[in-house]
Each structure stands twice: as C-alpha cells, then as structure tokens.
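Before any comments, here is the structure.
The values are calculated or read from the model by the stated rules, or taken from the named source; none is laboratory data. Everything numeric in this text was worked out from a predicted model, so none of it was measured. Neighbour counts run over all protein chains shown; Cβ positions are idealised from the backbone, glycine included.
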Amino acid sequence: MDTLTSKPLLIASYQLVPFVFKGDSQPPKIVRHCSQKSDGFFMLNMLVCGNVFMAGEHGFVKSNTLDTKTAFLLAEKGMSKAYKLVRNQTSKKISVQLFKEYAPHTISSSSFLKQKGYQDFEIDMYMSLPIAPSWDSIEAYFDNFKAKFRTKAKSVFAKAAPL
C-alpha cells in the first residue's frame with residue numbers, strides 16, 4: 001500500500017492446486033523436475049502465483065509507479081506469507097511454489113528468484129496471438145481457420161453456449 005495515496009501498489013493472485021500424475025512413459029517436465037519417482041501415482045500440492053487455467057501473465061498487477069523488479073520482490077514476499085498461512089491453517093503440505101508463465105521481457109526482472117532457491121523452466125511456447133483488425137466478430141475469426149479447425153471450433157463454441 002502506498003502510504004502517501006492509500007492506493008495498492010500490487011495485487012497478486014495465489015492458488016493452491018493439487019497436481020496429480022498417473023504414470024506415463026514420458027512424464028511432464030514438472031514431474032521429472034520434482035521427483036525421481038515418476039512411475040505410478042504421484043501427487044503434490046503447488047502454490048501458484050498466477051492462474052493455472054489461463055495462459056499468460058496473471059500472477060500480479062502492479063501500479064505504474066512500481067518497477068517490475070520490485071513487483072516480483074513483493075509478489076515473492078506474498079508467496080512466502082501465503083505459504084505460511086496455508087501451512088498454519090491446513091494440514092496440506094506444499095511441495096512446489098511456482099511463479100507461472102512470464103514472458104521473456106518480464107522474467108529478466110525476476111532473476112533474484114533464483115537466489116531465493118526458485119528454479120526456472122521453460123514451457124514449450126508462450127502463446128500470444130495478435131488480433132487482426134478484420135476480426136470484428138467470432139465468425140470473422142473462425143473464417144481464418146482451415147475448414148477442419150473451423151468445424152471443431154464452431155462445435156466447441158456451440159457446446160459452450162449454455163455456460
């Protein structure tokens with residue numbers, strides 16, 4: 001909180017997520033990174049700064065008066081407090097703390113996280129889609145797909161309509 005203006009400097013989002021892995025010959029990178037035993041059943045609780053259900057940077061929103069490096073420092077302090085809160089108020093063990101999915105231009109501001117013991121790993125792709133000016137409706141967007149994908153997308157979109 002900025003004591004001069006009484007406005008928040010940073011709002012961070014943390015999720016406690018169970019991660020379940022049920023044996024595979026090619027376990028995901030995070031399982032290979034966290035456990036030597038990737039055969040059979042494997043479960044851990046992850047405390048995530050970000051949104052596990054969305055791609056992109058959703059861990060925190062910062063004030064324009066705050067630089068990105070300081071924002072990561074504050075978000076990490078928040079992660080530490082959230083970790084202690086979960087440990088003290090529940091019986092859940094947190095095995096992994098994750099700052100999820102930051103773009104290369106942002107992640108350079110978080111180098112101090114490595115000094116705090118965090119490990120970095122890259123996902124296959126940081127998905128970012130430029131929006132064409134001609135996409136003034138969902139139909140116009142679908143029209144840019146190949147027929148096969150357009151049919152699938154329209155089907156999924158129709159099934160999701162009640163939601």
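Worth pointing out:
- Matching residues, the stretch 1-15, being assigned to a strand (DSSP E or B) and at pLDDT 90 or above: 10, 11, 12, 14, 15
- Matching residues in the stretch 48-98 - criterion: being free of Cβ contacts under 8 Å to residues at least 12 places away in the same chain and over 12 Å from residue 15 (Cβ atoms): 64, 70, 77, 80, 81, 84, 85, 87, 88, 89, 90, 91
- Of the residues contained in the stretch 19-42, one or more are found to be crowded, with 16+ Cβ neighbours inside 10 Å, within 29 Å of residue 108 (Cβ to Cβ) and either at pLDDT 75 or above or not assigned by TED's automatic domain parsing to the domain that holds residue 111 (or both).
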